[in-house]
Amino acid sequence: LPDADPDVALPSYATAGAAGADIRANFPQAKGLTLNAGERALVPTGLGMAIPEGFEVQIRPRSGLALKHGIALVNSPGTIDSDYRVPVCVILLNTSTEPFFVAHGERIAQIVVAPVVQADFTPVASLDGTSRGAGGFGSTGRG
């Protein structure tokens, strides 16, 4: 993308068994961003994607940022649809009580490529029964 810093690494898998590839903050003019406690911000990645039809890319939080710094994704997992063609950004939220500086080039989230199945939605008069019955939230026990 034109405003992206080409020196920021492309998505990459940290280990051979990783399901998610790390993506990085890519700020114009290589400036970072301070997220104050309770604040959220749209962080650019400098990425554009042409995802094949029948797939999506999910944006997920990085567990280390969540545990160590309280950095979460507001809409997790986020979905990038196959017809989305604008720059990819990540909505970061600082759930801690301390400010957090997001540095240019820092790993901020991970992406997972996943197949998509689209359903046909049809109105019905009733649903078939199950052993769970009409039980809703919490009906199968604690946690």
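The values are calculated or read from the model by the stated rules, or taken from the named source; none is laboratory data. Keep in mind the model is a prediction, meaning the values are calculated, not measured. Here the Cβ positions follow ideal geometry from the backbone for every residue, glycine too, while neighbour counts run over all protein chains shown. Accessible surface is based on the protein model in full, side chains and every heavy atom, while ligands, DNA and RNA are left aside. Shrake-Rupley method; radii C 1.70, N 1.55, O 1.52, S 1.80 Å.
Here are some notes:
- When all protein chains stay in place and ligands, DNA and RNA are ignored, the 1.4 Å accessible-area order of GLU39, GLU56, GLU98, largest first, is GLU98, GLU39, GLU56.
- Cut-off under 5 Å, modelled amide H: who pairs with GLU56 long-range: ALA114, VAL116
- Sum of -39500 (n - 2.57) over DSSP H runs of 4+, divided by residues of the chain (222 nm, nearest 500): -1000 deg cm²/dmol
- Heavy-atom accessible area per residue - the chain, 1.4 Å, Å²: 68
- Among the listed values (i) 2, 9, 15, 17, 16, 12, 10, 7, 6, 4, 2, 0; (ii) 2, 11, 22, 26, 23, 12, 4, 0; (iii) 2, 9, 19, 23, 23, 18, 6, 0, the one computed from these coordinates for P(r) over Cα pairs in 5 Å bins from 0, in percent is (i).
- Residues whose placed amide H lies under 5 Å from that of LEU35, excluding near-sequence neighbours: PHE100, PHE101, VAL102
- In nm, spacing of pseudo-spin labels at THR140 and PHE101 (7 Å Cα→C-beta vector): 4.5
- For region 100-108, 3J(HN,Hα) per residue [Karplus equation, 6.51 cos²θ - 1.76 cosθ + 1.60, θ = phi - 60°, Hz, x = Gly/Pro]: 10, 8, 8, 7, 4, x, 6, 5, 10
- Near the amide H of PHE27, within less than 5 Å, lie the amide hydrogens of GLY105, all on another chain or at least 5 residues away, with H placed in the peptide plane.
- Per-atom-type breakdown for region 9-143 gives carbon and sulfur 55% of the accessible area (1.4 Å probe, protein chains only).
- By the Stokes-Einstein formula, at 1.306 mPa s and 10 °C, region 1-75 with its Kirkwood radius over alpha-carbon pairs has D equal to 110 µm²/s.
- Once C-alpha pairs closer than 8 Å and six or more residues apart are averaged by separation and normalised to the residue number of the chain, the relative contact order reads 31 percent.
- Solvent accessible area, Å² - LEU1, 1.4 Å probe, full protein context: 100
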